[in-house]
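Below is one structure, written out as structure tokens; comments come after it.
The values are calculated or read from the model by the stated rules, or taken from the named source; none is laboratory data. As the structure is a computational prediction, the values presented were derived from the model and not from experiment. Please note: Cβ atoms are built from the backbone with ideal geometry, for glycine as well, and neighbour counts cover all protein chains shown. For accessibility, only protein heavy atoms count, side chains too; no ligands or nucleic acids. Shrake-Rupley method; radii C 1.70, N 1.55, O 1.52, S 1.80 Å.
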Amino acid sequence: MVKQNGLATVAYLFGIVSGIVIYLVSDRKDRYVRFHAIQSILFNIAAFIIWGLLAIFFFPFQMMGRISFVAMMGSGIVLGLYALALFILWLVLMINAYNGKKFK
């Protein structure tokens, strides 16, 4: 069980790369580790897509920095809060994987 929890935790450690590696090297019958590997892959893909969409949306506000300092700072705050939320969710996923829980 400790080996399973450790592998499931490592699946989140280095983002999509570790998720893919753990998925490929884990035993096909080990549903717990494979669940966390797939969840790590999907979490990182979704986070990257949302980050890209936010960056595209806020790009004009970033370019208006000289014109509107408030718009530039507001977009930076939103992107910073998103990064913080991703970090917290990443930690929660790793802690749950280590403790033997599935977080859907």
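When the range 18-40 is filtered for residues that are under 14 Å from the mean Cα position of the chain (by Cα) and either farther than 18 Å from LEU91 by Cβ or touching a residue at least 40 places away in the same chain (Cβ under 8 Å) (or both), the ones remaining, listed by number, are ILE20, HIS36, ILE38, GLN39, SER40. With the condition kept exactly as written, say whether any residue in the range 66-82 is among the aromatic types (Phe, Trp, Tyr), surrounded by 13 or more Cβ atoms within 10 Å (Cβ to Cβ) and closer than 30 Å to VAL25 by Cα. No, that holds for no residue.
One residue stands out among those in the range 1-15 that are touching a residue at least 24 places away in the same chain (Cβ under 8 Å) and among the hydrophobic types (A, V, I, L, M, F, W, C): the one that is most open to solvent (accessible area, probe 1.4 Å), which is MET1. Restricting to the range 27-51, name every residue that is in a helix (DSSP H, G or I), open to solvent by less than 60 Å² (accessible area, probe 1.4 Å) and of a type outside the set (Lys, Arg). TYR32, VAL33, PHE35, HIS36, ALA37, GLN39, SER40, ILE41, PHE43, ASN44, ALA46, ALA47, listed by residue number.
The set of residues from the range 1-17 being aliphatic (A, V, I, L, M) and over 19 Å from the mean Cα position of the chain (by Cα) comprises MET1, VAL2.
Report yes if some residue within the range 16-26 is outside any helix (DSSP H, G or I) and open to solvent by 30 Å² or more (accessible area, probe 1.4 Å); otherwise report no.
no
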